[in-house]
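Read the structure below first, then the notes.
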Amino acid sequence: MGAYVLRRLVQAVPLLWLISLVVFLLLHVIPGGPMAAYENNPDMTAEDLHRLEHDLGLDAPLHVQYVRWLAALVHGDWGYSLASKRPVLVEIGDRLPNTVYLMGVATLVTLLLAIPIGIFSAVRQYSTLDHVVTTVAFMGHSIPIFWFGLILIIVFHVMLRNPLSGAPLFPGGGMYTLGMPFSLLDRLHHLVLPVGMLAVANAATYTRYTRASMLEVIGQDYIRTARAKGTPEPLVIWKHGLKNAATPVVTILALDLPALFAGAVFTETMFSWPGMGRLFIESAFRVDYALLMAIIMVTAALTVAFNLLADVTYAVLDPRIRYG
Amino acid sequence: MDSGVGGRGSGVRTSTALVVDRTPDTQPLTPSSRVRPQTMAGLAWWRFTRHRMAVAGLLVVAVLGAASTLASWVSPYDPDKPDLQLQLRAPSPVHLLGTDDLGRDLLTRILYGGRISLSIGVLAMTLAVLMGTAVGAAAGYYGGAIDNLLMRFTDLMLSIPALFLLILLILVLRSFPLPFLRGGVLAIVLAIALLSWMTVARLVRAAFLSLKEQVFVEAARALGVGNGRIIIRHILPNAASPIIVAATLRVASSIITESGLSFLGFGVQPPTPTWGNMLKNAQDQMITAPWTAIFPGLFIFVTVIAINYVGDGLRDALDPRHLR
């Protein structure tokens, strides 16, 4: 296993390098960039512009710029944000935990919804409950997540009010009430809508996976064996069944990380959540090179890491799988 | 099997190819009193019509497509002309779905927006399927180094968070003066297609890997048929079923992607209406005029569900394992 993990890590290096190359080239085709901010400044003469360009190394050939950038990156110097002038790593360090926090809670809720519902649905295949679950999951799978978020805001922030204070039932944005000392209740209150938006939409997909996976497991010999030796039915389902059915679901979850990130982009944008997704959107509007490069590299690295984690988890949870 | 697996042809009409006449007594009895058709396409259509939701979905898509195409006849209103006397009117018999912040009839704009959203869905799907089929066919048919190279590239594309790359690509494509189609439609189509061919490529490759070992391919080769012709005329028609299903689902996901991009502000630019940018616009008024947010999203939702059900029905209809 150790050798396998090591080999995968070594394979990840050229992959990340290729991604950096592709993204670097793409970014350099986009108009705007470091000099755009000065181009319309009447105080800057053409000479000033040239001198600045030279000082910043922007007149060097593209491959030289790339090598310089890569070298700096390896040495931990990821450059500065054009907008905030702060180091890119500091910006990301500020935002990444918020995204991890949001996605972590949302993923937990997703699994807590999807796995039991999927299993119930599979155990009672073709029952009314199963039909309802399948239909709702099919719809949830088709719902545009940003529209679902808007509906949540309209219903739970605009229409429904707290009967005691008359304030909106749930806050429509932010991570906590500004100017208030830390309070767990306030944090949770702010989590409800964004997590609800992510979890419900994702749970639909994972309910489908769980159901399919459980249906396959129920047909297996070891389930028949468990029943034959007189194991109580709940134990058959929730111990023998769940263990085997949940494994692929958890794995798919890890593989799905890019899609989950996309969901978080919408959630963060709509709920003014100070995370990586929103940072990316803001940077894209400003064509904030260093920040865009860094965000993509970080998310790509996370994706690669989670893919590996998925494979390793799979092997650990399912002893039938061996990696050489 | 011939290329007629497109689900065309009516249920009862037995058309040209394949099955020659059978004596009535071998005709299987069907639940309905209808005669089961004897061509591949006829059979597929017959099975498709068993799937009620799929038929309903097809109907919904047809109606929406027709209404959007004929928007200028269906609606008496101008989609772009503001009327400041009519700002943000609630739905009424005159304006069935109300009006937006500039007093434009919402339903009219949704129908015109449908033109763009649906065309983007279909165009992006077509390009993605063409690219995916080309890559998958080459990789599966030739194998070896070509396969390795193409599939590693496919993996690379799959491991970059798609939404981030999509936004970068759109910024890049927008900087070129792409001809025709207003509001940057072509850039969106290209970007979506460039980031969604991978699943099709994997699917086609898998189909080609097994099909190229079949005797009919060997026969064709023995007759001196060239590689290109074998790929296109002999193998591809046999791989049509999974491609058709994937293509259908791809239309739905392209529509979601387009609306998501427009919602974030990177899609088609106003005043050209699309369902996505109408939703974005509605964000500012959803407290006073929730209908401006609810209806455009509802159209996306219904369209996507309908197309997904059609895809579901097609899968049941075309999957040879369902042959009875």
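Odds and ends about this structure:
- Exposure of B:S175 as accessible area (Å², to 10), given a probe of 1.4 Å and all protein chains: 50
- Between the amide H of A:W273 and those of A:G174, distances stay under 5 Å, these residues lying 5 or more places away or on another chain, with hydrogens modeled in the peptide plane.
- Using alpha-carbon coordinates, inclination of helix A:276-286 to the longest axis of chain A, degrees: 30
- Of interest is the spacing of the C-alpha centroids, which for segment A:255-303 and segment B:134-205 amounts to 20 Å.
- Each listed q (0.10, 0.19, 0.21 Å⁻¹) maps to a log10 I(q)/I(0) for segment A:77-210, found by the Debye formula over equal Cα scatterers with no solvent: -0.47, -1.10, -1.18.
- For chain B: span of alpha carbons on each principal axis (Å, largest first): 74, 54, 29
- Calculated from backbone phi, Karplus (6.51, -1.76, 1.60) coupling profile of segment A:52-60 in Hz, x at Gly/Pro: 4, 4, 5, 4, 7, x, 7, 8, 5
- Axial C-alpha extent at least 27 Å, average Kyte-Doolittle at least -0.5 - helices from chain B (DSSP): B:106-142, B:240-264, B:291-318
- A:H141 exposes around 80 Å² of accessible area when a 1.4 Å probe is run over every protein chain in place.
- Under 18 Å from the A:K243 label point (7 Å along Cα→beta-carbon), backbone N, segment A:280-320: A:313-320
- Applying a DSSP loop filter and a limit of 10 other Cβ atoms within 10 Å to the GluC sites (Glu not before Pro) in segment B:202-273 leaves B:E213.
- Against chain A, whose longest principal axis comes from its Cα atoms, helix A:62-74 is set at around 60 degrees.
- Segment B:237-324, relative contact order in percent, only Cα pairs under 8 angstrom and at least six apart counted: 35
- Along chain A, the longest continuous region that contains none of the trypsin sites (Lys or Arg not before Pro) in a DSSP loop with at most 12 other C-beta atoms within 10 Å is A:86-228.
- Centre-to-centre, using Cα atoms only, segment B:282-313 and segment A:183-228 are separated by 25 Å.
- Interface burial in segment B:261-288 reaches 40 Å² or more for B:F263, B:L264, B:F266, B:M286, B:I287, comparing the full protein assembly with the chain by itself; accessible area from heavy atoms with a 1.4 Å probe.
- Against chain A, whose longest principal axis comes from its Cα atoms, helix A:289-317 is set at around 20 degrees.
- A Gaussian network model of chain B, with springs between Cα atoms under 10 Å, assigns the largest mean-square fluctuation among B:K212, B:K280, B:K81 to B:K81.
- Proximity of backbone amide H atoms, modeled 1.01 Å from N, is registered between A:Y80 and A:V88 at under 5 Å, excluding neighbours fewer than 5 places apart on the same chain.
- In the protein assembly as shown, the alpha-carbon atoms span a convex hull of 240 Å³ per residue.
- Using θ = phi - 60° in the Karplus curve 6.51 cos²θ - 1.76 cosθ + 1.60, the 3J(HN,Hα) couplings for segment A:145-160 round to 4, 5, 5, 4, x, 4, 4, 4, 5, 4, 6, 8, 10, 8, 7, 7 Hz; x is entered for Gly and Pro.
- Rg/Rh (Cα only; Kirkwood hydrodynamic radius) as it applies to segment B:96-251: 1.11
- Globularity index of chain A, i.e. its alpha-carbon radius of gyration over 2.2 N^0.38 Å: 1.24
- Semi-axes of the equivalent ellipsoid for segment A:205-281, Cα gyration tensor, largest first, Å: 39, 11, 8
- Using a Gaussian network model of chain B in which every pair of alpha carbons under 10 angstrom is joined by a spring, one finds that among B:P177, B:P270, B:P237 the greatest mean-square fluctuation is at B:P177.
- Its relative contact order, with pairs defined as Cα atoms under 8 Å and 6+ residues apart, puts segment B:130-269 at 33 percent.
- Hz values of 3J(HN,Hα) by residue in segment B:86-97 - Karplus curve (6.51, -1.76, 1.60), Gly and Pro given as x: 10, 4, 6, 7, 5, x, 8, x, 7, 10, 3, 10
- A 1.4 Å probe over all protein chains sorts A:W17, A:W273 by accessible area into A:W17, A:W273, starting with the largest.
- Contact order normalised by residue count of chain A, Cα under 8 Å, 6+ apart, percent: 26
- Taking all protein chains together, A:L102, B:L43, A:L235 sort by accessible area into A:L235, B:L43, A:L102, largest first [probe 1.4 Å].
The values are calculated or read from the model by the stated rules, or taken from the named source; none is laboratory data. Keep in mind that this is a model prediction, so the values were computed, not measured. Cβ atoms come from the backbone with ideal geometry, glycine included; neighbour counts cover every protein chain shown. We work out accessible area using only protein heavy atoms, side chains counted, and drop any ligands, DNA or RNA first. Shrake-Rupley method; radii C 1.70, N 1.55, O 1.52, S 1.80 Å.
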